[in-house]
Every structure is written in structure tokens, then in C-alpha cells.
Amino acid sequence: MTSNNDVPPFVKDKHIHFIIEQESNRSYEYWLSEHLRMNGLYWGITALITMKTLNNTTLPQQKVIEYVMSCWDSESGAFGAFPKHDAHILSTLSALQILKYYNYELHPLTTDQKQKIVKFIKSLQLPNGSFQGDSFGEIDTRFTYTAISALSLLDELTKEITNPATEFTLKCFNFDGGFGLVPGSESHAAQVFVCVGALAIMDELNQINNLKISNWLSERQVLPSGGFNGRPEKLPDVCYSWWVLASLSILGKKNWVNLEKLENFILTCQDLENGGISDRPDNQTDIYHTCFGIAGLSLIDFKKYDFDEIDPVYCMPTRIVKDFKKWKNK
Ligand SMILES: [Zn+2]
């Protein structure tokens with residue numbers, strides 16, 4: 001398809017502009033995606049911090065923290081995606097990650113609020129070890145990862161939680177080498193990431209078949225484009241650069257795929273005019289694919305881009321993860 005000469009450079013300044021615009025723009029699309037607002041903020045901040053450009057000029061810290069705290073749902077004791085929305089596990093993890101970017105002790109959350117979040121998350125775990133996303137009942141291994149990651153950020157993981165969660169996660173493993181949403185459901189790359197990531201946090205990676213999973217993951221690279229797909233026979237998509245390569249990194253098999261071809265695929269999905277990254281070349285850009293495209297480039301070669309090195313388990317800069325692990329062990 002594209003020869004190396006056709007691969008565009010990384011347009012960092014355009015991406016910064018694209019992300020800032022997203023955060024201050026009050027367009028129709030903005031309100032349409034309001035249920036994603038807290039996640040969107042996490043994606044934007046993660047992209048900025050990975051490019052070493054998170055500061056008060058790009059995104060004022062005070063405004064970000066005020067927004068996060070305005071999404072506190074005092075009834076459930078956790079965070080919604082938007083002010084006055086019901087608390088959800090996904091927006092709660094995003095809120096904790098954002099606060100962690102600014103300080104390890106998660107100010108301005110009070111001890112009482114932290115305890116309420118722990119209670120909220122624990123209340124979502126069912127007797128079989130799975131997690132619901134909120135009190136309305138949907139079950140998904142995505143929520144297991146989210147709950148485990150959030151509890152780990154709060155330094156509140158215990159065997160009482162991780163033993164059943166591990167058992168449930170292992171039941172979602174399929175013979176083909178992938179993981180599904182629930183036991184018996186089809187393998188999907190995003191579910192592989194959440195299962196492998198959750199097991200990594202719980203220190204249970206020794207329970208899985210590393211080679212079989214790494215094989216399934218490396219088969220996700222679609223040639224000649226070099227991008228990854230989420231399932232066999234599907235088109236490549238930039239966000240799988242993260243889900244697949246982060247999983248392979250956790251398993252120590254990052255070099256099982258052609259990193260140069262993947263890098264070129266991500267670069268060809270940039271909007272060179274307006275900034276932002278799309279799922280496939282020439283498609284509409286969005287903040288989600290921009291974040292995971294940049295995170296993917298960090299996994300491939302953070303030094304080349306002068307990026308912050310990203311942690312494949314938490315999708316946060318490694319230096320921050322190291323620091324809160326230090327803080328955690330105090
Ligand atoms: Zn995608």
C-alpha cells in the first residue's frame with residue numbers, strides 16, 4: 001500500500017490544538033457525546049500528558065479539577081460522566097485517573113469520599129466475581145478491569161475482591177486464545193486487554209497461557225496496512241493499536257508484530273490539516289482514537305517522539321504509575 005516515503009510526520013501541534021478545541025468547543029457533537037464527557041476528558045488529558053504538553057496553557061488544572069468534582073454523585077458516592085448524572089464505574093475510573101495526574105493523594109477527594117467510592121465499587125461485584133457497570137446490571141469484563149484498576153488507584157485491593165474476580169476473568173478465556181465479554185462469548189481484542197490488564201494488576205498472570213494469547217493477539221495485525229483489527233476478518237482500526245499492543249507488552253511479546261508497519265498505519269490516520277487521529281485513513285477524527293493512537297506510538301517508541309513512556313496496564317505515564325506504586329507501598 002503506502003511506501004515509507006508516503007508516511008506523513010507526526011503533527012504534534014495540530015493534535016494539541018485539536019484536543020484543546022474539543023475541551024472548549026460547545027458544538028452539537030459535543031453535547032451529543034455528553035455521556036462520554038468524563039471519559040473524553042481522560043482521553044484528552046492522557047494524549048496531552050503523553051506528548052508532555054499537559055500544562056495550564058493547554059488545559060487549566062483548576063478548571064479540570066472543578067469539572068471532575070462537579071460530577072460527584074453524592075447519592076451513589078462515586079462519579080458520573082457529567083454533572084447530575086448517575087455514578088458509573090467507567091466515569092469513576094476516569095475521574096480517579098485524572099485526579100492522579102495532578103496529585104497522588106487524589107486531592108480534593110476527602111477520606112470519606114474515597115471510602116464511599118470503595119463501597120460503590122464493591123457493591124457492583126456479584127457473587128460469581130464479575131462486576132456490573134452500575135446498579136442497573138450489565139456485566140462485562142471491561143467493568144472488571146475498571147473496578148480493579150480503580151481499587152488499585154485507591155490502594156484498596158484485597159484478596160476478598162481479587163480471588164473471585166480472577167476466577168471469573170479466567171472463565172472468559174476462549175480456546176482460540178482470546179477473551180470475551182462474559183464466559184462463552186466471542187474473543188475480542190479489547191476484552192483481551194481488559195482481562196490481561198486486570199490479571200496483571202491482581203498479579204495473576206501466571207494463571208494464563210501466555211503463548212496462546214500472544215499468538216491470537218499477533219494475528220490481529222492486518223497486512224499490508226500494518227494496523228490491528230479487533231477480531232478475525234475485520235478491518236484494522238487505530239484504537240486496537242492500543243488494545244493489542246498494550247496486551248502484548250504486558251505479556252512481554254511486543255516484538256511479535258511489525259512495529260514499523262503499525263507506526264506507519266497510525267501516522268497515516270492523522271488529519272494533517274486539523275489535527276486528531278481517526279480509526280482508519282481519511283475517516284472523521286475523534287478524541288478516543290487520538291488518545292489511543294498517541295498512546296500506541298508511545299508504546300512503539302516513546303523516545304523517538306519525545307513522549308512520556310506509557311504504562312501498558314494503566315494507560316497512564318509510567319512515571320506516575322511508579323510513583324503511586326511507591327506511595328501505595330508506604
Ligand atoms: Zn476504534
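The values are calculated or read from the model by the stated rules, or taken from the named source; none is laboratory data. Bear in mind that the values here come from a model prediction, so they are computed numbers and not experimental data. Note that we place each Cβ from the backbone using ideal geometry, even for glycine, and neighbour counts take in every protein chain shown. SASA here: full protein model, heavy atoms, side chains in, ligands and nucleic acids out. Shrake-Rupley method; radii C 1.70, N 1.55, O 1.52, S 1.80 Å.
Hey, among 280, 319, which residue is open to solvent by 60 Å² or more (accessible area, probe 1.4 Å) and within 17 Å of the chain's Cα centre (by Cα)?
319
Scanning the stretch 133-176 for residues that are surrounded by fewer than 18 Cβ atoms within 10 Å (Cβ to Cβ), under 24 Å from residue 210 (Cα atoms) and touching a helix residue (DSSP H, G or I) at 6+ places or on another chain (Cβ under 8 Å) yields 170, 176. Among the candidates 301, 271, the residue that is in contact (Cβ under 8 Å) with a residue 40 or more places away in the chain and away from the ligand (no atom under 16 Å from the Cβ) is uniquely 301. Would you please name the residue that is nearest to the ligand (Cβ to nearest atom), looking only at residues in the stretch 215-242 that are closer than 16 Å to residue 174 by Cβ and among the hydrophobic types (A, V, I, L, M, F, W, C)? So, considering only residues that are closer than 16 Å to residue 174 by Cβ and among the hydrophobic types (A, V, I, L, M, F, W, C), the one nearest to the ligand (Cβ to nearest atom) is 217. Starting from residues that are closer than 19 Å to residue 259 by Cβ and of a type in the set (A, V, I, L, M), keep the ones in the stretch 277-298 and report whichever is nearest to the ligand (Cβ to nearest atom). Once the filter is applied, the top-ranked residue is 277.
Of the residues in the stretch 181-193, at least one is farther than 22 Å from residue 163 by Cα, touching a helix residue (DSSP H, G or I) at 6+ places or on another chain (Cβ under 6 Å), hydrophobic (A, V, I, L, M, F, W, C) and surrounded by 16 or more Cβ atoms within 10 Å (Cβ to Cβ).
With the structure loaded, tell me whether residue 249 is among the polar types (S, T, N, Q), more than 11 Å from the ligand (Cβ to nearest atom) and open to solvent by less than 70 Å² (accessible area, probe 1.4 Å) or whether it fails that test. In short, yes.
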